[in-house]
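The values are calculated or read from the model by the stated rules, or taken from the named source; none is laboratory data. Small disclaimer: the values here were computed from a predicted structure and weren't measured. Here the Cβ positions follow ideal geometry from the backbone for every residue, glycine too, while neighbour counts run over all protein chains shown. Just so you know, the surface numbers come from the protein's heavy atoms only, side chains and all, with ligands and any DNA or RNA stripped out. Shrake-Rupley method; radii C 1.70, N 1.55, O 1.52, S 1.80 Å.
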Amino acid sequence: LVLAAGALSAAARAVVAVPPLERRVTDQAGLLAPGQRDALEQRLAEFEAAKGSQVAILTVPTTQPEDIESFSIRV
């Protein structure tokens, strides 16, 4: 029982950390070139100014061991 509790707490610590929201585009997976990221930032800022709605983009290399739904809820 003690081993099972230790394994569960270790698994809980291993989840991908949610990064702080500092920009509209956070590319932790390295999918975007700096120019692409900046262009997206600009378009999202323009969208927000025109419509009032905010959109943010987050890429991560993996959400494992968590499924994507659980990770997205935490985000």
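Laid out as a table, the results:
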| read-out | value |
| --- | --- |
| Matching residues, region 55-67, being assigned to a loop (DSSP other than H, G, I, E, B) and in contact (Cβ under 8 Å) with a residue 24 or more places away in the chain | V55, A56, V60, P61, T62, T63, Q64, P65, E66 |
| Answer residue from region 48-61, given it is among the polar types (S, T, N, Q) and over 13 Å from the mean Cα position of the chain (by Cα) and is surrounded by the most Cβ atoms within 10 Å (Cβ to Cβ) among those | Q54 |
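Conditions (1) assigned to a helix (DSSP H, G or I); (2) on the phi < 0 side of the Ramachandran plot; (3) open to solvent by less than 60 Å² (accessible area, probe 1.4 Å); (4) modelled with pLDDT of 90 or more, marked per residue:
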site: A4; (1), (2), (3), (4): yes, yes, yes, no
site: L8; (1), (2), (3), (4): yes, yes, no, no
site: P19; (1), (2), (3), (4): no, yes, yes, yes
site: R23; (1), (2), (3), (4): no, yes, no, yes
site: L31; (1), (2), (3), (4): no, yes, no, yes
site: G35; (1), (2), (3), (4): yes, yes, yes, yes
site: A39; (1), (2), (3), (4): yes, yes, yes, yes
site: Q42; (1), (2), (3), (4): yes, yes, no, yes
site: E46; (1), (2), (3), (4): yes, yes, no, yes
